[in-house]
Number of protein chains: 2
Amino acid sequence: MSTKAGFLRARRPEQKQQRYAAILDAARELALHDGVGAVSLADIAAEVGMHKSALLKYFETREEIFLRLAETEFGEWAAGALAALATAGPDPREVADALAGSVADRPLFCQLLLYTPLTLERNVSLDVVRVFKLAIKGSMEDVMPALQRALPALDADACFELFMMTGMVAAGLWQAAHPSPQVVALHAEDPGAAPYPDFRASLVRFVWTYLAGLLAR
Amino acid sequence: MSTKAGFLRARRPEQKQQRYAAILDAARELALHDGVGAVSLADIAAEVGMHKSALLKYFETREEIFLRLAETEFGEWAAGALAALATAGPDPREVADALAGSVADRPLFCQLLLYTPLTLERNVSLDVVRVFKLAIKGSMEDVMPALQRALPALDADACFELFMMTGMVAAGLWQAAHPSPQVVALHAEDPGAAPYPDFRASLVRFVWTYLAGLLAR
């Protein structure tokens, strides 16, 4: 990990804002490259060229950094989902494609859906969780009515279930599609092994199937 | 964490076997009480009354201990699923109840489904992963034909998808049903907040809905 040129001490508000954004950008890039679970606070500090102690003036913990990224990812996912849902339907398959595609387009979002309850909401203060939950609530209040307009046969509870299960399966499929080096090596030993499932195609097929089940219920 | 009476050095094979089992038992109890993610190698060593260095003569890493537990859990889940599937059907709802119930009955299994790809298969040797994968394959080869016999309208691929998605959603719902203390505190602040979803009821409803979608496909 190369250390970039260090920052001088930030004094003005716009300098502080710039540094705050640089920390988030460094964390995002490292997570996209190495996976969220592999990125430490020391990695982020090295990437952005700051000391860990200076970085902790901007964020409580490593987990706050990723929770802020999750907030941004949720907001950007919501904007993408709204745009895709605006032209999807009335065929439910089109709506399933739009919803699944809006998630599959965002690899960091898929990872953060997994880590949010697992670690991110655990290693931060109540205030940080409160701000995060309010932001998510806002994103959901944008998307849920659009999903219900596109799927008039489903009620609000069923639409929420569709979103929840899409998120859980996206998180699980992301893990399955990115196995450990040991699992990759084992897979290569067995010439008869089935190929890995394609993440996007598997998610699309899941959402379409589950939606068909909700419509049949 | 209280330290139990320490073991003397194990010399005979049956003593070694007893100690190996005691380590696994301690890890299982701690994980059921505190959650897999919260249990360190030091915690397990303290619980079983051994030094960490002695414990590492039995297992490569903390992750091997939990991967061995996952192997056992998979085998016990398979036995439970086989028994439940033997009397379920032909109503697909009965099969969904049997499958969902076999997973929901095993809280440690639900946690280990999440941690296996996330950390357990990463922090062990290729040989340990190989033994684990062979054991899982054996369990799956027991259960999949029984699932297909109970659901004759589905082909083998669809039965495998049903199992995979049940596992992913069980792992996600388990997280959602066991939120962090911060999330619990926030929830208590809002008198209008919806109650937490019931883990078992949510999993049963998911499996039934997804199975209906597979049958409609």
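Read-outs throughout are calculated quantities, based only on the coordinates presented, and are distinct from any laboratory measurement. What you see is a predicted model; the values in this text were computed from it and never measured. A quick note on method: Cβ atoms are made from the backbone with ideal geometry, for glycine too, and the neighbour counts reach across all protein chains shown.
Brief remarks follow.
- With a Förster radius of 25 Å applied to the C-beta separation of residue B:200 and residue B:86, the computed FRET efficiency comes to 0.75.
- Averaged over the residues of B:127-137, the number of partner chain Cβ atoms lying within 10 Å of the residue Cβ comes to 2.
- For the residues A:183, A:48, A:103, a GNM of chain A with alpha-carbon springs under 10 Å puts the largest fluctuation on A:183.
- Fluctuation leader among B:33, B:187, B:178 - chain B, Gaussian network, Cα springs under 10 angstrom: B:187
- With bins 20 Å wide beginning at 0, the percent of Cα pairs of the protein assembly as shown falling in each bin runs 23, 55, 21, 1.
- CD proxy at 222 nm, helix term only [per DSSP H run n ≥ 4: -39500 (n - 2.57); per residue of chain B; nearest 500]: -23500 deg cm²/dmol
- Distance violations [Cα-Cα > 30 Å] among A:57/A:137; B:57/B:133; A:133/B:137: A:133/B:137
- Candidates A:205, A:11, A:122, ranked by Gaussian network fluctuation over chain A, Cα under 10 Å, top entry: A:11
- Minimum Cβ-to-axis distance in chain A for the rotation onto chain B, with residue, whole Å: A:213, 2
- Förster-model FRET efficiency, 56 Å R0, residue A:217 and residue B:25, C-beta, rounded to 0.05: 0.85
- Rounded FRET efficiency, nearest 0.05, which uses the C-beta distance separating residue A:15 from residue A:153 and R0 of 56 Å: 0.55
- Annotation for residue B:51, label-to-label distances across the other copies: 3.7 nm (shortest first, one decimal, point 7 Å from Cα along Cα→Cβ).
- Ascending list, in nanometres, of distances separating the residue A:72 label from those of the other copies (7 Å, Cα toward Cβ): 4.5
- Largest first, the extents of the alpha carbon coordinates of segment A:30-98 on the three principal axes equal 54, 22, 16 Å.
- Our coupling estimate for segment B:91-107, obtained by passing each phi through the Karplus curve with A = 6.51, B = -1.76, C = 1.60 and θ = phi - 60°, is 5, x, 5, 5, 5, 4, 4, 5, 5, 4, x, 5, 7, 5, 5, 10, x Hz, Gly and Pro reported as x.
- Inter-copy label distances at residue A:91 (7 Å, Cα→Cβ; nm, one decimal): 3.6
- Rg to Rh quotient for segment A:59-150, alpha carbon positions, Kirkwood Rh: 1.04
- Spread over its residues, the convex hull of the C-alpha atoms of chain A is 146 Å³ per residue.
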